[in-house]
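Working notes, structure below.
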Amino acid sequence: MQHDAFELLAAAERDHWWFRGRREFIAAAIERAGLSASAQILDAGCGSGGNLPLLSQYGEVHGFEFDAQAVDRAASLRIGTVNRGSLPDHIPFGEKRFDLIGLFDVLEHLEHPVESLAALRERLTDGGAILISVPAYPWLWGPHDEVHQHFRRYTAGSLQAHLTAAGLRAEYLSYFNSLLLPLAVAQRLRERFFGYAVADLTPSNVMNDVLLRIWRMERLWIPRRRAPFGLSLLAIARRR
C-alpha cells in the first residue's frame, strides 16, 4: 500500500463505516465458528491493529504485519503480542498453532495467495478455522486497487479455487456488502473517468452513520445464509 494511503487508512480505521461494519461481520462469523473460551487467535497482516480489540474478546490474540510502522502502532495498543512477519515464508511465533486465523482484506495484497493459505493451514490446530474477507469482482478493478497495491479482486469461484489448492475447504463462503454494491459501482466508474485521489476517507458524520446502518441490515442473513452478490466475500475455511 502506498504510504500516504496507509496513513489515511490507519486514521480512518476506528470510525469509518466500512471498517466498523466489517468488524461486526467478523464478530458474527467468529461466533459461528464456535471458539472455546481459551482460543488462540492470529491476525495475519494485522496492519495498525484495528481488529485486535475485537479479536481479544474471543481469546488470546497474536498479530503480525510486514510494515514496521504498522507493527509499532499495533504493538502500542498493548493488546496481545504483535511481531513483524510476512506471508508465506515468515510467520512468527515459532511453531505455535491457532484455533482461529484472521486474514482480513489481506489475501488480495499477496503475490502468492495459495502458498500463503497453505502456510497458514499448517498453523491451525485440529478443528481450527481461517476467517477470510476479500474484495469482490475483477470487473470493479480500478485506480483504488492500484493505489492500495492489490494483485487481484476475487469471485466466489476464484476464492474457492485458491482455498482448495491450499488444502482448505470452505465451510461458509458468501458475498456480503450487497446493499451498497450499486453505490460502489458508481464510485468505481467515477474513479475511472476522473481519477482516484487519496483523501480523507471518512465521510460526514451523518453519511457515515447512514452507510453503516444500511450495511448492518445484512446481519439478518450474513453469516446464516449466503448472498449471491456483494462488494466483498467472506469465508470460513478449515483443513480438508
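The values are calculated or read from the model by the stated rules, or taken from the named source; none is laboratory data. Fair warning: this is a prediction, and the values are worked out from it, not measured in the lab. Every residue, glycine among them, receives a Cβ derived from its backbone with ideal geometry; neighbour counts consider all protein chains shown.
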Is at least one residue of the range 177-186 surrounded by 15 or more Cβ atoms within 10 Å (Cβ to Cβ) and among the small types (Gly, Ala, Ser)? yes
Could you list all residues from the range 122-154 that are assigned to a loop (DSSP other than H, G, I, E, B) and either over 19 Å from Gly102 (Cβ atoms) or touching a helix residue (DSSP H, G or I) at 6+ places or on another chain (Cβ under 7 Å) (or both)? Tyr137, Trp141, Gly142, His148, Gln149, His150, Phe151, Arg152, Arg153
Qualifying position, being charged (D, E, K, R) and under 21 Å from His16 (Cα atoms), among Asp126, Asp89, Asp105, Asp99: Asp105
Of everything in the range 109-121 that's in contact with a Pro (Cβ under 9 Å, 6 or more places away or on another chain) and part of a loop (DSSP other than H, G, I, E, B), which residue is surrounded by the fewest Cβ atoms within 10 Å (Cβ to Cβ)? His112
Of a type outside the set (Gly, Ala, Ser), within 18 Å of Ala33 (Cα to Cα) and surrounded by fewer than 18 Cβ atoms within 10 Å (Cβ to Cβ): is that true of Thr125 in this structure? yes
Scope the range 74-109; condition aromatic (Phe, Trp, Tyr) and either farther than 22 Å from Ser36 by Cβ or touching a helix residue (DSSP H, G or I) at 6+ places or on another chain (Cβ under 8 Å) (or both); matching residues: Phe104
Selection status of Arg78, surrounded by fewer than 17 Cβ atoms within 10 Å (Cβ to Cβ), of a type outside the set (A, V, I, L, M, F, W, C), out of contact with any strand residue (DSSP E or B) (no Cβ under 8 Å at 6 or more places or on another chain) and more than 24 Å from Leu233 (Cα to Cα): yes
Can you name the residue in the range 26-69 that is of a type in the set (Asp, Glu) and within 14 Å of Asp105 (Cα to Cα) and is also surrounded by the most Cβ atoms within 10 Å (Cβ to Cβ) among such residues? Asp43
What's the total number of residues in the range 51-73 that are in contact with a helix residue (DSSP H, G or I) (Cβ under 8 Å, 6 or more places away or on another chain), at pLDDT 95 or above and closer than 18 Å to Asp15 by Cβ? 3
